[in-house]
Amino acid sequence: MGKTIQTIGLIGAGAVGSYVIWGTEGASGIDFRLIAEGGRAERLRNPGLVINGKTYTPYARRRSTAPPRDPDRIFC
């Protein structure tokens, strides 16, 4: 049996990344993290992304000295 996906990391929130954000909405039990930094991360948090008329404000993880928990899947 395959591993249950519990965490997803996303690098890039352009056209394809936005589709991943849209597609994972409503997936229960998924810890979704958008990996971005600086001004881009801030814009993703506020005002967010508008996809098909709906605003999404994905969590944009900042770099830190603590190692992040390894996601089960990473999309680039």
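Across the chain, C-alpha contacts under 8 Å between residues 6 or more apart give a mean separation that, scaled by the residue count, equals a relative contact order of 42 percent. Working note: Karplus 6.51/-1.76/1.60 with θ = phi - 60° gives the stretch 16-32 the couplings 6, x, 4, 5, 5, 4, 4, x, 8, 4, x, 6, 6, x, 9, 8, 9 Hz, where Gly and Pro are set to x. Annotation: amide H of TYR59 within the under-5 Å range of LEU34, sequence separation 5 or more or interchain, hydrogens built in the peptide plane. Dipole size of the chain about its Cα centre, with +1 on Lys/Arg Cβ and -1 on Asp/Glu Cβ: approximately 160 debye, rounded to the nearest 20.
Values quoted throughout were computed directly from the atomic coordinates according to the rules given, and no laboratory measurement underlies them. Quick caveat, the model's predicted, so the values are computed rather than measured. When we count neighbours, we look across all protein chains shown, and the Cβ atoms used for this are built from the backbone with ideal geometry, even at glycine.
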